[in-house]
Amino acid sequence: MEKTLNRIHPVSDPEATYFLQVSWEKDLGTGFALLLSDCQCAWTGTVSESDISREAADIEMDREKYVEELRKALIAGEESAGKYNFVIS
């Protein structure tokens, strides 16, 4: 299993710091698990392969392109800094 951990500052609360861990087996396209923490609380979730396919279809984006955008937003870290915004709700 592979994992990444990134520090994020959501646009919904720019002064706050959160840590986002993403875990996956083969690649993000086969599904992944998320853990989000503000160092006081933690939230977890999973995204299945069918969830990814459904979301890509819903926004009418090629599935492989969608998975690449997920990779950039969730695990690319510094190379994508400032290109993606997070909103915590």
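The values are calculated or read from the model by the stated rules, or taken from the named source; none is laboratory data. Everything numeric in this text was worked out from a predicted model, so none of it was measured. Reconstructed Cβ throughout: ideal geometry from the backbone, glycine too, with neighbour counts over all protein chains shown. Side chains are part of the model used for accessible areas, which takes the heavy atoms of the whole protein and leaves out ligands, DNA and RNA. Shrake-Rupley method; radii C 1.70, N 1.55, O 1.52, S 1.80 Å.
What the table shows:
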{"read-out": "So A56, is it under 11 Å from the mean Cα position of the chain (by Cα), among the small types (G, A, S) and surrounded by 12 or more Cβ atoms within 10 Å (Cβ to Cβ)", "value": "no"}
{"read-out": "For S50: the one exception among (1) open to solvent by 50 Å² or more (accessible area, probe 1.4 Å); (2) out of contact with any Gly (no Cβ under 9 Å at 6 or more places or on another chain); (3) of a type in the set (G, A, S)", "value": "(2)"}
{"read-out": "Which listed residue, of E69, E2, E49, E15, is in contact with a helix residue (DSSP H, G or I) (Cβ under 9 Å, 6 or more places away or on another chain) and acidic (D, E)", "value": "E49"}
{"read-out": "Those strands (runs of 3 or more DSSP E) lying entirely in the chain with at least 2 residues touching a Leu at 6+ places or on another chain (Cβ under 8 Å) and at pLDDT 95 or above", "value": "18-24, 31-37, 42-48"}
{"read-out": "Hits in the stretch 10-34 - residues which are loosely packed, with under 14 Cβ neighbours inside 10 Å and closer than 13 Å to L74 by Cα", "value": "D27"}
{"read-out": "So S37, is it surrounded by fewer than 15 Cβ atoms within 10 Å (Cβ to Cβ) and either without any contact (Cβ under 8 Å) to a residue 60 or more places away in the chain or not polar (S, T, N, Q) (or both)", "value": "no"}
